[in-house]
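Colleague: Structure incoming, see below.
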Amino acid sequence: MKKFTLYCLLFFSVQVYAQYIPLHQDYTMVYDLIDELANEGIIDVTSVVKPYSREFIADALKEARRGHRISSRMKAEVEFYLNEFALEQNTLPHSKIPIVNTSEATWSVDDPSFRYYGGDFKSKISALGGGNAYYNKNGLTYKRYVGVDFQGYIGKHFSIYANFRDVVQPDNLLANRQHYNVSTKSPFTGADTLVQTPGYISNMMGGAYKINGTGGGDYSEMRGGVYYSWKWGHIGLAKDHITFGDAYNGENIISDNTPSFPFIKLNIRPARWIELNYIHASLTSMVIDSTEYYEENTGDKKYWYKKKYMAANMVTLKPFPKFAFSVGNSIVYAEDQMRAAYLIPLMFYKSVDHTLTRDQTENQNSQVFANLSIRNIKHLHLYGSLYIDEYSHTRLKNEQTNPISYKAGFRLSNFPLRNLGLTAEYTRNEILTYKHSIPATDYTSNGYLLGSYLGDNAQEIYVAIDTKPIARLHAKLSFTQAKKGNEYYYIRDNVIETISEPFLKDVVWTNNTISFQAVYELINNLYTSFQIDLSSINSKSISGELTPTELWTTADQYLDLYTPKYLQGDNLTFSVGINYGF
C-alpha cells in the first residue's frame, strides 16, 4: 500500500504548471539534470516533445528538493538552478554582489540579468554573447554571437518572450544549409530536373546564412512567442525550435537542425494519463514561385518562394507512471493558403489529404511516427522512435525497403557508480526517407532536413560515457560512427527500382569521431567549454555503373557534399568556448 501511495504521489507531482515560456534545448546542463532526476524516479517527465517550459522545470527542481534522497552534487545543482528560475517561483534570485537590489528588481555581478517582479508582471532581460574557437591542422576558425533575451509573465495566464542573436562564422561554415540546383536531366524525359543537393552532414544547428567570399558567412536568428496558458494546457504563436522524439544525439522525427520557423502551438493535458501536442507551421520552401514576384522600378522581377506549411501532432499515453507511448502524424503541403482541415489538432492528415486532393496527380507529403519512453527501472531510460514516410507489406515480400527511420537506445544514470552515466543509441534511415518527388513539399525548411541530420540511406552508432564529479561540471567521452550510402534522388516513376537497392550498397561516406568535452557553468547561464575531437571523415567512389537515380559517383564529390573542407580527412580538432545565454 505504501508503494502504491508513493507511485500515485509521483504520478501527480510536477504535472500542474501554468504560464508557458520555453527553455531552449541548447541549455543542455539543465536538460541533463531533468533527465537525471527522471531516471532516478524523482520526477515523472514526458520527454518526447521539447522544449520544456520554465515553470515545469522550476516545479521539477522544487520536487527534487522536497525530501528525496539525492547526492550532494545533485542537491547543489538543484539549488543552483532554482536561483535561475526564481521568477517562476514568484520571487527574485539571490545575489552576492548586487548592483540593483530592491523588493521588486535585482541586477548583480553574479547574475547579469535584470529581473523585475511586481505582482501581475514579472520579467527578465539579459544580454547574450559568446563564441567558440576551433583549431586543427587546417588552421584557426571561430564562431561568435551577440544578442538579447527577454521573458515576461503578465497576470496569471499570458506570457511573452523574445530572443535575438547575430551569428558570425567568418571563415568556415561548419553547418551549411542544403540548396537546390536545376542542373540534372531527367533519365526518363530528358527535361531539366530540380535536384536537392545535400548539405553538410552536421548535428550543429543551422542558420539562414549570407555567404561571404572567404567561405564563411553570418546570419541572424530571431525567436519568440506569445502564449495563453491555463492549468492543463497552453496555446500560442511562436517562432522557435521544437523537437519530436526521444534522443540524445539528434532526433529523427522533428529535430532542431533547421533555422527556427513560425508555428501555432497547442498543448493540452485533460487527464494525467494523456497529452496532446500540436503545431501548424509555416516553413521556408527555398523553391521559386514563378507566378509570384515584386517588380522593381527598373522592371526587374524579384520572385517569392512557394508557400509551404506543416501540420503535426503527437498524442502521448501514460497508462502508468514513467511509461509513455506516443503516436502522431504530420503533413507537409504547398498551397497558396493554409488549409482549415490541417488546423484541426487531432486528425489523421493522410486521410484528410486523400479527400482534399482527390483526382489530382499527386498527394501532399504525409508522415506517421511513434515513440516509446520507459523509465520503470531506476537509473535507466529505454527509448525508441519510429518515423514512417511510406509503408507497404508487399515491399517486404519483394525484398524492397520501406522509407522509414528508426532510433533506439538507452541512458543509464548514477549506476553502477554515482555521478557516472552511459548512453548508447542506434539510428537507421532507409533509402528515400525524408525525400519527396515535389521539392516544394519535401521534409525540409530553409533547405535543412526537419528529421535526422544524417538524411536517408544512413546509419549511426553513438556511445557516450559521462561524469559529473562536482556540481555544474559535466565531462563526456563519446564515440560516433556514421555511415552514408549512395545518394538517390526521388523520381516518382522509379521509386520501386530505387527502394529495391540494398541499404548502404556502397558506403560512400564515413565519420568515425572520438570526442572529449568538458563544460562548466560558472554562474547561471555563463559557461565555459573545452572539446577535443579525433575524427576520420572520408569518402569512397561507388562501385559499378551509375543507376538512373544515383546522383554522384566519385569520393571527392561525396566528401565535398557532406563535409566542410576544414573537417575532411583525419583531424585532431581543439575547441574552446565561453558563452552567456541560450
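Colleague: Are any residues in region 82-105 within 21 Å of residue 472 (Cβ to Cβ) and either assigned to a strand (DSSP E or B) or not aliphatic (A, V, I, L, M) (or both), and if so, which ones?
Modeller: Within region 82-105, 83, 84, 85, 88, 89, 93, 94, 95, 96 qualify.
Colleague: Condition (residue is free of Cβ contacts under 8 Å to residues at least 12 places away in the same chain and in a loop (DSSP other than H, G, I, E, B)) applied to region 429-437: is it met by at least one residue?
Modeller: No: zero hits.
Colleague: Filter region 527-547 down to the residues that are within 20 Å of residue 577 (Cα to Cα) and without any contact (Cβ under 8 Å) to a residue 60 or more places away in the chain, then identify the one that is least open to solvent (accessible area, probe 1.4 Å).
Modeller: Out of the qualifying residues, it is 535.
Colleague: Considering region 377-390 alone, what residues qualify as being more than 14 Å from residue 47 (Cβ to Cβ) and open to solvent by 50 Å² or more (accessible area, probe 1.4 Å)?
Modeller: 377, 378, 386
Colleague: Same structure, new question: I'm told residue 353 meets every condition in (1) in a strand (DSSP E or B); (2) acidic (Asp, Glu); (3) buried (at least 16 other Cβ atoms within 10 Å of the Cβ) except one. Can you identify the failing condition by its number?
Modeller: (1)
Colleague: Among the listed residues 70, 43, which satisfies the condition of being assigned to a loop (DSSP other than H, G, I, E, B), open to solvent by less than 10 Å² (accessible area, probe 1.4 Å) and among the aliphatic types (A, V, I, L, M)? First the steps, then the outcome.
Modeller: On the way: 70 fails: open to solvent by less than 10 Å² (accessible area, probe 1.4 Å).
When all the criteria are applied, what remains is 43.
Here is a yes/no grid of residues against (1) modelled with pLDDT of 95 or more; (2) part of a strand (DSSP E or B); (3) among the hydroxyl-bearing types (Ser, Thr, Tyr):
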position: 153; (1), (2), (3): yes, yes, yes
position: 160; (1), (2), (3): yes, yes, no
position: 171; (1), (2), (3): no, no, no
position: 199; (1), (2), (3): no, no, no
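Colleague: Among the numbered criteria (1) open to solvent by less than 30 Å² (accessible area, probe 1.4 Å); (2) out of contact with any Leu (no Cβ under 7 Å at 6 or more places or on another chain); (3) of a type in the set (Ser, Thr, Tyr), which one does residue 427 miss?
Modeller: All conditions are met except number (2).
Colleague: Among the residues of region 410-424, write down those that are open to solvent by 30 Å² or more (accessible area, probe 1.4 Å) and not in a loop (DSSP other than H, G, I, E, B).
Modeller: 410, 412, 420, 422
Colleague: Let me ask something else. Does residue 19 satisfy the criteria of being open to solvent by 20 Å² or more (accessible area, probe 1.4 Å) and assigned to a loop (DSSP other than H, G, I, E, B)? Lay out the reasoning, then the answer.
Modeller: On the way: open to solvent by 20 Å² or more (accessible area, probe 1.4 Å): no; assigned to a loop (DSSP other than H, G, I, E, B): yes.
Spelling it out, it is not the case that residue 19 is open to solvent by 20 Å² or more (accessible area, probe 1.4 Å) and assigned to a loop (DSSP other than H, G, I, E, B).
Colleague: Moving on. What do you reckon, is residue 530 under 30 Å from residue 149 (Cβ atoms) and outside any strand (DSSP E or B)?
Modeller: no
Colleague: Where residues in region 450-489 are of a type in the set (S, T, N, Q) and crowded, with 22+ Cβ neighbours inside 10 Å, which of them is nearest to residue 241 (Cα to Cα)? Don't jump to the end; show me each part of the working.
Modeller: Step one: of region 450-489, the residues of a type in the set (S, T, N, Q) are 452, 457, 459, 467, 478, 480-481, 486.
Narrowing further to those that are crowded, with 22+ Cβ neighbours inside 10 Å: 452, 457, 486.
Numbers: 452: 15, 457: 25, 486: 30 Å.
Only one residue fits best here, namely 452.
Colleague: Still on this structure, please answer the following. If we scan region 86-108, do we find a residue that is within 23 Å of residue 529 (Cβ to Cβ), charged (D, E, K, R) and out of contact with any Asp or Glu (no Cβ under 8 Å at 6 or more places or on another chain)?
Modeller: No, that holds for no residue.
The values are calculated or read from the model by the stated rules, or taken from the named source; none is laboratory data. Fair warning: this is a prediction, and the values are worked out from it, not measured in the lab. Cβ atoms come from the backbone with ideal geometry, glycine included; neighbour counts cover every protein chain shown. SASA here: full protein model, heavy atoms, side chains in, ligands and nucleic acids out. Shrake-Rupley method; radii C 1.70, N 1.55, O 1.52, S 1.80 Å.
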